[in-house]
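All remarks here apply to the structure that follows.
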Amino acid sequence: MTSKAKDIKPRPRRNDAQRQSILDAASLLFIEKGFGGTNINDIADAVGVSRTALYYYFPSKESMLEALTEEITEKASLLAKSVSVRDALPAPDALKQLILQHAGLILSHPLQFRVVERSESSLPEPHRSAAQSSRRAVLDHFVRVIQRGIDGGQFRRGADARIAAFSIIGMCNWSAWGFDPRGNTPAEDIASTIVDFGLRMLLPDKTRRARAVGIEDAVGQMREALEVFESQLKRPNGR
């Protein structure tokens, strides 16, 4: 087999596309009606298939929630681990990569992330415990990188690595509730703004004072982004 042939990516199979359509429809319904208020018939009607056809892909709405959760939480944990174990990577660069990956994952799956946030308690065991474990792992990976930067003098001494990690992850998570892929603010810009805030809060005091004007500019940019999000949420269909 030639290298060119190896580089050719297989096309998505029809079954894969249908499966994703079901998950997309389920996500919208779980957000609109709540997990408890949604039944299999609702999802089948939204997709335009019979209940029997739906069971070919998922035996229950719980299995759909499991699939949605695994795609977000497990991938987030794996992405964070891939960066935190690279001790040779300078802490500021590692934190930037962590934020870009985590925010990027959420911004590329905003509906799924909102479903997971709201409905994780409805997951049956052991999936609920696995999701919670993945969340803790993401936090631990952020803390590890931030603490490494504090210990190495790259981040502000005396900073609390866990609080900083909570704050940064919180900014990433919040983006799912205001972001509209059809809006005027690209996902890349939002992720970059979160990177800017995350790094600035951890810079040594001397560096932070020298860049005070830059911080004011960053606050202004975030306020503008918030205004865009609010206007998008008030418009029908995000238009």
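State the extension gain, in nm to one decimal, for the chain segment bounded by ARG51 and ASP93, taking 0.36 nm per residue of separation less the distance between their alpha-carbons.
10.2 nm
Counting heavy atoms of the protein chains alone, LEU199 has an accessible area of about 40 Å² for a 1.4 Å probe. Annotation for ASP160 and TRP177: the two label points, set 7 Å from Cα along the Cα-Cβ direction, are 2.1 nm apart.
The alpha carbon gyration tensor of the range 89-146 gives principal lengths a ≥ b ≥ c with a/c of 1.5 or higher and a/b no greater than b/c, which makes the shape oblate. A probe of 1.4 angstrom, applied to the heavy atoms of all protein chains, finds HIS141 with accessible area near 30 square angstrom. Shape class of the range 1-146 from the alpha-carbon gyration tensor: oblate, with a/c at 1.5 or above and b/c at least as large as a/b.
The values are calculated or read from the model by the stated rules, or taken from the named source; none is laboratory data. On a predicted model such as this, the values are computed, not experimentally measured, just so you know. Positions of Cβ are backbone-derived with ideal geometry, glycine not excepted, and every protein chain shown enters the neighbour counts. Side chains are part of the model used for accessible areas, which takes the heavy atoms of the whole protein and leaves out ligands, DNA and RNA. Shrake-Rupley method; radii C 1.70, N 1.55, O 1.52, S 1.80 Å.
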